[in-house]
1. Find how much the distance from ILE54 to GLU34 grows on full extension, using 0.36 nm per residue of separation minus their present alpha carbon separation; answer in nm with one decimal.
2. Work out the length of the dipole vector of region 1-66 about its Cα centre, built from +1 on the beta-carbon of each Lys and Arg and -1 on the beta-carbon of each Asp and Glu, and round it to the nearest 20 debye.
3. Using a 7 Å offset from Cα along Cα-Cβ at GLU77, what residues in region 33-51 end up with backbone N under 17 Å from the label point?
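Since every read-out is calculated from the coordinates, none of them should be taken as a lab result. Computed from a prediction, not measured in an experiment: that's the story for all the values here. Positions of Cβ are backbone-derived with ideal geometry, glycine not excepted, and every protein chain shown enters the neighbour counts.
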Amino acid sequence: MVELNKGKHQELHLMNRKLLEISGVLNVESFDSEEFLLQTELGHLTIRGQNLHIKNLNLEQGLVSIEGLVHTLSYLEPGSQSSGKGLLGKLFR
């Protein structure tokens, strides 16, 4: 088995769909109460939900905590375009 992301590390902890803790975060690209776009060590990660907000942010350590009701977590494939709902979709219309 070949390890594709050698040396890169990320953990996601979702507690009761209401608190999401993420490590390996490089940057918060955009966010609002329904969608976050994060640049992580393993690619861009989109978090969608309701009443989302940042609880803790420490980019020096690569840690982000998000509170709210989480509906979906998805990684964007390199070179792909967003579904049109988020910031990237608005930019590339």
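1. 6.0 nm
2. 180
3. From region 33-51, the list is 43-46.
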